[in-house]
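Notes follow the structure.
Rule-based calculations on the coordinates, nothing more; no lab input. Since the model is a prediction, treat every value here as computed from it, not as a measurement. Virtual Cβ from ideal backbone geometry, glycine too; neighbours counted across all protein chains shown.
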Amino acid sequence: MTDPRLVWRAGSHDIECGARTLVMGVVNVTPDSFSDGGRFLDPRAAIEHGQRLAADGADILDVGGESTRPGAAAVPENEECDRVVPVIKRLAAEESIPISIDTRKAAVARAALDVGATIVNDVTAGSFDAGMFEAVREGGAGMVLMHMRGDPGTMRELTEYDDVVAEVRSFLGDRVRAAGEAGIDQERLAVDPGLGFAKTTDQSLVLMREVEAFTELGRPVVVGPSRKSFVGRVLDADVPDRLEGTAGAVAWLAAHGAHVIRVHDVKEMVRVVRVVDAIRRAAVEEPAR
């Protein structure tokens, strides 16, 4: 299959999607992330980690100061800003790639955009904070609209779907339209089906299997399979032992239409998508005449 080329506009960055699979590297500035358990809560450690991910080939860095894992406690706006702003400011000053702020709060998004972030990655697709679309529009930022139900405390109980692919796609289409009605250019939007967010293991696997359906929305598709619980359940593996399972998911997604893959293990997953992209681009040479 071949992907249409899409441009995702984010501040001064025009991100070309479709020519190759892009990798978004995760920088969690949190004490309670399921994946790295506070290893990068110290700003210096988070900055060094982000720089390492950029050197490993990340196309985008996604910095977050509030865990959204199931059961995670909410973080006050000022504390979230204190965690992420110094990290984003330094990374934006020293790295040429786009920096994303992973937040559902408009005030945090504004603070991050003010110091150099150019993408807002909102797990609630702008539905948690009524001011989010305004913050994105005024900041000229790109935005990831992700599907979820409820919040980290309730989403595990909200997994009833008649058709998970159709319902998630319908929700994302509605949020794309809502963002447009709020004055955000469509070229600034990307969509994310939200693997694991109010989804069972089987539902997350189906969403990955049918990921191409989300390309029908006409915007770049961002997917985050990295180290998630469905990988652990398939392999009966704890978080530190999910690298190969994540690689399998990343390879499938890259081969079936995902434009951006959000991961923790950047160096390894850059290599995975490079091989998948090479296979997809391969053409039979014409015989010499």
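In table form, for the structure just shown:
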| read-out | value |
| --- | --- |
| Amide N proximity, the range 191-227 versus residue 236 label position 7 Å along Cα-to-Cβ, cut-off under 12 Å | none |
| Hydrodynamic radius of the range 11-281 per Kirkwood, over alpha carbon pairs, in Å | 18.2 |
| Given charges at beta-carbon only (K, R positive; D, E negative), |dipole| of the range 11-281 in Debye | 520 |
| Zone of residue 16's modelled label, taken as backbone nitrogen in the range 232-261 under 19 Å from a point 7 Å along Cα→Cβ | 257-261 |
| Calculated SAXS-style log₁₀ I(q)/I(0) at q = 0.17 Å⁻¹ - the range 41-193, Debye, Cα scatterers | -0.99 |
| Packing-based order for 129-137, 116-124, 231-239, using average beta carbon neighbours within 10 Å, highest first | 116-124, 129-137, 231-239 |
| Under the Karplus curve 6.51 cos²θ - 1.76 cosθ + 1.60, θ = phi - 60°, whole-Hz ³J(HN,Hα) for the range 137-150, x wherever Gly or Pro sits | 4, 5, x, x, 8, x, 8, 9, 9, 10, 8, 7, 10, x |
| Helical contribution to [θ] at 222 nm, DSSP H n ≥ 4, -39,500 (n - 2.57), averaged over the chain, rounded to 500 | -12000 deg cm²/dmol |
